[in-house]
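Working notes, beginning with the structure itself.
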Amino acid sequence: MPRNPGRFITIEGIEGAGKSTCLAFVRDRLIQAGRAVLTTREPGGTPLGEELRALLLGHRQEGMGEDTELLLMFAARAEHLAQKILPALGQGTDVLCDRFTDATYAYQGAGRGIARERIAVMEAWVQKGMRPDLTLLLDLPVEQGLERAGRRSAADRFESETGRFFQAVRQGYLELAAAEPDRIKRIDASLPLAGVERQLAEVIDDFLKSPVSGLKPTSP
Ligand code: T5A
């Protein structure tokens, strides 16, 4: 009998929203429910993808063109899908990914101003209809996120952007969530961790009761 495909779950939000922190909680919740889970991240997730991540996040004094940034994000994603995400889903393993294409719509689209239609062309080309089954959007005020991120490490190329850029990114995410309420669940990430985890547990438990969508392409 063919195995059910794994489920593809992504975590999104602005800098310092708590994605890495919450990823561990969600992974443990899925494992407790008897699921096999692979955790990964974007940009990155494969050896080549991690090299592209270093280029994308590094401090390049000469900057990087917006189109270059967009294409590198999707180059890393194409590799990630082919080498890691699709094989795992095909084996029935759930994939839990720190950021995916919603980040591209939010950062390169709403943040940088690249037209949504151009990003959609890349999405269709690279993903061939494949999309997350569930997206957890950790939402909080920009100042709070940047304050949390700043506590932790030196700013990377994105974290060096202005408050106005991150306001646009946050707004972009909220618009995505409003357009796809079944897939994208907004979590109030401004609360102390226990409150965030309560919301995550509720969403994950509901999600696990729902039937597997089966919306997975047969080849990358
Ligand atoms: N990018 C990515 C694009 O532009 N386009 C794309 O298509 C993709 C895929 C990747 C960068 O690339 C960009 C977006 C990003 O700028 P990243 O490392 O994935 O970078 O993203 P960051 O946002 O930089 O990740 P951070 O590690 O900064 O933020 P997290 O993971 O959201 O936050 P986390 O968990 O490290 O928490 C930050 C601090 O807050 C505390 C934690 O303990 C930690 O100290 N914290 C809380 N404190 C109080 N209450 C809570 N509820 C807390 N939750 C966490």
Long-range neighbours under 9 Å by Cβ, at least six apart or interchain, first residue in a loop (DSSP other than H, G, I, E, B) within the range 9-28, second more than 9 Å from the ligand (Cβ to nearest atom) and aromatic (F, W, Y): I14/F166; I14/Y173; E15/F166
Checking M73 against (1) free of Cβ contacts under 8 Å to residues at least 40 places away in the same chain; (2) within 13 Å of the ligand (Cβ to nearest atom); (3) surrounded by fewer than 18 Cβ atoms within 10 Å (Cβ to Cβ), the condition it does not meet: (3)
Verdict on A149 being out of contact with any strand residue (DSSP E or B) (no Cβ under 8 Å at 6 or more places or on another chain), free of Cβ contacts under 8 Å to residues at least 60 places away in the same chain and of a type in the set (A, V, I, L, M): no
Subset of the range 123-157 that is near the ligand (Cβ under 10 Å from one of its atoms), hydrophobic (A, V, I, L, M, F, W, C) and open to solvent by less than 50 Å² (accessible area, probe 1.4 Å) - its residue that is farthest from A76 (Cα to Cα): L140
Any hit, the range 163-174, residues being out of contact with any helix residue (DSSP H, G or I) (no Cβ under 8 Å at 6 or more places or on another chain), at pLDDT 95 or above and hydrophobic (A, V, I, L, M, F, W, C): yes
Every residue from the range 29-51 that is touching a residue at least 60 places away in the same chain (Cβ under 8 Å) and either loosely packed, with under 14 Cβ neighbours inside 10 Å or among the small types (G, A, S) (or both): A33
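The values are calculated or read from the model by the stated rules, or taken from the named source; none is laboratory data. For clarity, every value in this text was computed on a predicted model and none was experimentally measured. Please note: Cβ atoms are built from the backbone with ideal geometry, for glycine as well, and neighbour counts cover all protein chains shown. What goes into the accessible areas is simple: the full protein's heavy atoms, side chains included, and nothing from ligands, DNA or RNA. Shrake-Rupley method; radii C 1.70, N 1.55, O 1.52, S 1.80 Å.
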